[in-house]
Amino acid sequence: MMQRFPAQATVENPRYGQLIIGPPGSGKTTYCAEALKFYRELGRQVGVVNLDPANENMSYEPVLSVMELITVEDCMEHLQLGPNGSLMHCAEYLAEHLEDWLLPALRKLGATHNYFLFDCPGQIELYTHHSAMARVFERLERERYSLVTVNLIDSHYCSEPAKFIATLLMALNTMLRMSLPHVNVLSKADLLRKHEAKLHFNVDYYTDVLDLKYLLDKLDDDPAMRKHRKLNAAICSMVEDYALVSFQLLDAFSTDSMLRLRNHIDKANGYVYKAGEEQTVNSLLACAVGAETEASRQQHDIQPYMD
C-alpha cells in the first residue's frame, strides 16, 4: 500500500551562525562590529553573541553575552587563577551550562533573529587541543544551526616566514579539530601596503598557500631557524599533503571586501541556498562553484591591497 505524503513539507526556519575565532589582536571584535552593521544593511536578522568572558571593550551591543554568566575577572578573584587558567575555566563553565543558559537564551532570540555572529575567545589553545569550545560548537550544530568557523589571522604574519608557517599549522589543526565548514581570513589587509617591502612573494602566494619549499629556503637565512630545517620541512609537507588551508583577504571597513568575504561565508554555511537569497539557477550555480576568472579574482581580491 502506498503511503500518502503531504503536498507541501513544512520546513523549520533555518538558523545560521559565524564562529569568529583567531589569536588575540586579530580583529575579531572589530569584524563583529562591522559585520553587524553590514549584514543589517543587507536586511538580515542578525545579532552578535559574545562568548569571550574577557571581552570588556565591545564596540557593538551584543544580544547575549557570556559575561552575564561568568567573567575572567571573577574567576581570577574568587578562584585565584591566572588569566589563561581563568579563561579555560570560563570555557568549561559555559560548556556545562549550555542547556540551562545559552540554548534557552538563543531560542528566545530566535523569534527576532536567525543569523548570529559568535565572538569567541582569542586563546588559540581553546581550539587546538582543549575540548570545551568544540563541545559548545557541536551542541549548536545539534540545535540545527548551520555554522561556519571564520578564523581571523593578522595579515602582518605574511611578512615573517616562521610566523606564517606557524599560522598554517595552527589553521590546519583548528580546521581538523572543529570539523566544521571553515574560512581562513587574513585580517587588516588594508595594512599590507606597509609590509609589502617585507613580503618575499606576491600576496597570492600567501592566500593560495603555494609551494612552501620557497619559504623553507627563506628560513635558512635565519641561523636560529636553519637548525630546525627538518622539522619545518615536515610541517610544510603536512600542510601541503592535507591541501586544506587557504586565505581570504579582509579589510573590515571596506564594503567591497566584506561583500567578497560574505560570498565565501555564505557558501560555507549554506546561506546562499536560503530561499529568496538567489533568484536564478544560474546565480545559484555561480555561487556554488565559485565561477570567476582568475583575472577577476586578482582584480577584486589582491589588487585593492597592493600599490
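Below is a table of values for the structure above.
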{"quantity": "Binned Cα-Cα distance frequencies in the chain - 20 Å width, integer %", "calculated": "30, 56, 14, 1"}
{"quantity": "Cα gyration tensor category, rounded, prolate or oblate, for segment 62-156 with a/c compared to 1.5", "calculated": "oblate"}
{"quantity": "Under 15 Å from the Cα of Lys163 - aspartates and glutamates, other chains or at least 8 residues apart", "calculated": "Asp154, Asp217, Asp220, Asp221, Asp222"}
{"quantity": "Whichever lysines have a C-alpha closer than 26 Å to that of Lys267, once near sequence neighbours (fewer than 8 apart) are set aside", "calculated": "Lys28, Lys37, Lys188"}
{"quantity": "Segment 168-270 shape via C-alpha gyration tensor axes, a/c threshold 1.5", "calculated": "oblate"}
{"quantity": "Loop trypsin sites (Lys or Arg not before Pro), segment 142-249, which have at most 16 other Cβ atoms in a 10 Å radius of their Cβ (DSSP)", "calculated": "Arg144, Lys227"}
{"quantity": "Portion, in percent, of the accessible area of the chain that falls on carbon or sulfur, probe 1.4 Å", "calculated": "51"}
{"quantity": "Gaussian network model of the chain, springs between alpha carbon atoms under 10 Å - residue of Tyr60, Tyr271, Tyr214 with greatest fluctuation", "calculated": "Tyr214"}
{"quantity": "Proximal lysines relative to Lys230, as straight alpha-carbon distance under 16 Å, when same-chain residues fewer than 8 apart are discounted", "calculated": "Lys213, Lys218"}
{"quantity": "Alpha-carbon spread of segment 145-184, three principal axes, descending order, Å", "calculated": "37, 16, 7"}
{"quantity": "Cα-based convex hull volume of segment 107-255 per residue, rounded to whole Å³", "calculated": "131"}
{"quantity": "GluC sites (Glu not before Pro) within segment 37-85, DSSP loop, no more than 10 other Cβ atoms inside 10 Å", "calculated": "Glu56"}
{"quantity": "Estimated distance in nm for a label pair at Arg135 and Glu56, the labels positioned 7 Å out from Cα along Cα-to-Cβ", "calculated": "2.8"}
{"quantity": "Relative contact order for segment 36-119, counting Cα pairs under 8 Å that sit 6 or more residues apart, in percent", "calculated": "40"}
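The values are calculated or read from the model by the stated rules, or taken from the named source; none is laboratory data. Predicted model only: the values in this text are computed from it and were never measured. FYI the Cβ positions are ideal-geometry reconstructions off the backbone, even for glycines, and counts take in every protein chain you see. Remember, those area values only see protein heavy atoms, side chains included, never the ligands or the DNA or RNA. Shrake-Rupley method; radii C 1.70, N 1.55, O 1.52, S 1.80 Å.
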